[in-house]
Amino acid sequence: MSTENSQIDHFKTSPCLAAFGEDAMILKVALPLSLPITTPLMFADRRYCLVLSVFGWLIFWYINLICTPADFPPGPPGVLSFLTLRTQNEPFLSKAIQKLSKEYGPVIGLILLHRKFICISGRQAAVDALHNPLLLGRPKSFDFRLRTKGLCRGVLMTDGELWKEQRRFTVKHLKDVGIGKSFHEGTILDEITHVVSEIKNVVDSSNGGNIKLENLFTTAVINILWIMVAGTRFQRGDPKMEKLAYCVNGFMRFSDGGPTVLSFMPPLRFIVPELSGYNRLMGFIAPIRSYVKEEITEHRRTRQPDSPRDFIDLYLEKLDDNKSSENSTFDEEQLLGTIFDIFVAGSETTSHTLGFALLFMIFHPQIQTKVQQEIDEILQGRQPSLADRGRLPYTEATLQEIQRLGLVAPLTIPHVAQENTKCQGYAIPKDSVVFINLWAINNDPDIWPEPKKISTRKAFECCRELRQIGAYVQLWPR
């Protein structure tokens, strides 16, 4: 076997690159064909490069530290001040940030090596920051870019003109295929019927009526999303659906605790792929990519021109229309990233919120009784509709409180300062990463006299005002 073939075989069996499949083979051109891949010289070069890289990073971190502006937000000192969040004896990052905010104020500045982080826990500071057009950027997170082969694609973690164009197209055409429309209610009601039927079957069975709520709504939520995106639904218990749900959940949980080692030092994936978390992350990403690519291929084969069935058909139609445009932001990798983002943003968050709703109803039977009475009085036995929302104020207030107390995304998706700017009089340097602590805002005693208690009366009386100040809903343009 030739030297070149042996090198290519090495890449095929590499645990770091296998998850990329044949796409990884493009890297073979970077190998010196006359030098075996495992020579001592290469390992020596790798050690020298590693030492030089670490030395270079240390110099960069020091320069970055001394260049911090004098009016940078207050916070613990040092280039590793972000790590003080780990010393707050709090299991969640949002609670650790809130704890620090009691000492330093609603706007905190933290540093982790070469990066600056701004953590905001105050309502007014959040409103100011998230209406600042210079804070609409997104970090170019290596973790997130792996889902689209290292490219900045999708709608969650992109910015600029790409984000504007893709978001505009995605929102418009998701509405076209049903989201927020009355004709989509039938799909939702069908999935609710399946969930209720499963609950009844379990309750009537011989296992004592116990039911595991963890994944009760997962299939229904994924089906509602997948019908809009791909025009099909999964049967409960479908192995593909269960694998998809597991991988989406795993991807979301991967960086739950904040910035990962892999996001700071991507080259570690080549040195310690297991310890860096690279192999684990790709174990979540690769199955989702594979399944979505299969659906895109099938849609290309079966779609009828000018007769779109779902979001994928609409996107492929747009893709064909833009083939001749050199500056088009539409490509197949962008479609894959957008579908990935729809699942990440819509599946686990919705199913967990519904799980919290059941939990709160169990712990507050008196509220459950009032909700049921209102529903019975207004609906009188028929199925609910979006048109009934304004006629069910107590139910609406209860749902708002459930989302406040059962917040499934306590921190916003991070924003990035695209230029030097200000927030509440503090300097926000360019490229700073900004987090908004929604959990702290939703548990602010200045807004909620008893923030730990569910208060439908407070929500009912102040619903309109609270919408305006953003205590329940998102506060920013994106």
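Read-outs: derived from the displayed coordinates by stated rules, not from any lab. Only a predicted model underlies this, so the values are computations on that prediction, with no experimental measurement involved. Cβ atoms come from the backbone with ideal geometry, glycine included; neighbour counts cover every protein chain shown.
Computed quantities for the displayed model
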read-out: Those aspartates and glutamates that a straight Cα-Cα span of less than 15 Å connects to Lys422, excepting residues fewer than 8 apart in one chain; value: Asp71, Asp128, Asp431
read-out: The stretch 91-165 - Kirkwood radius from inverse mean 1/r over Cα pairs (Å); value: 14.5 Å
read-out: Dipole of the stretch 308-409, positive direction: furthest Cα of Gln366, Phe330, Phe343, with charges on the beta-carbon; value: Gln366
read-out: J(HN,Hα) series, the stretch 336-348, from Karplus relation 6.51 cos²θ - 1.76 cosθ + 1.60, nearest Hz, glycine and proline x; value: 4, x, 5, 5, 4, 5, 4, 5, 4, 7, x, 7, 5
read-out: Per-residue Cβ neighbour rank within 10 angstrom, fewest leading, Ser328, Ser205, Ser94; value: Ser205, Ser328, Ser94
read-out: Gain in span if fully extended, Ala70 to Phe55, counting 0.36 nm per residue against the direct Cα distance; value: 2.7 nm
read-out: Pairwise FRET efficiency - Asp306 versus Lys102, Cβ, R0 = 51 Å, nearest 0.05; value: 0.30
read-out: Contour minus Cα-Cα distance for Glu377 and Lys200 (0.36 nm per residue); value: 61.3 nm
read-out: Share of pairwise Cα separations in the stretch 138-242, more than 20 Å, in percent; value: 58 percent
read-out: Fewest-first sequence of Arg269, Arg389, Arg153 by Cβ atoms within 10 Å of each Cβ; value: Arg389, Arg269, Arg153
read-out: Phi to ³J(HN,Hα) by Karplus 6.51 cos²θ - 1.76 cosθ + 1.60 over the stretch 99-116, Hz, x for Gly, Pro; value: 5, 5, 5, 5, 8, 10, x, x, 10, 10, x, 10, 10, 10, 6, 9, 10, 10
read-out: Amide H partners (placed H, <5 Å) of Cys423, local residues excluded; value: Ile428
read-out: Diffusion constant of the stretch 142-344 at 20 °C, which comes from Stokes-Einstein with the Kirkwood Cα-pair radius and 1.002 mPa s, µm²/s; value: 114 µm²/s
read-out: Modelled FRET efficiency - R0 45 Å, Asp446 with Glu165, Cβ distances, 0.05 increments; value: 0.65
read-out: The stretch 142-344 - charge dipole about Cα centre, Lys and Arg +1 at Cβ, Asp and Glu -1, debye rounded to 20; value: 300 debye
read-out: Anchor Lys175: lysines whose Cα lies under 25 Å away (excluding residues fewer than 8 positions away in-chain); value: Lys164, Lys293, Lys318, Lys323
read-out: Cα→Cβ-extended label distance, 7 Å offset, between Lys172 and Glu419, nm; value: 2.8 nm
read-out: 5 angstrom amide H check on Ile111, placed H, neighbours 5+ away; value: Ser81, Phe82, Phe117
read-out: Ranked Thr338, Thr329, criterion: other C-beta atoms within 10 Å, fewest first; value: Thr329, Thr338
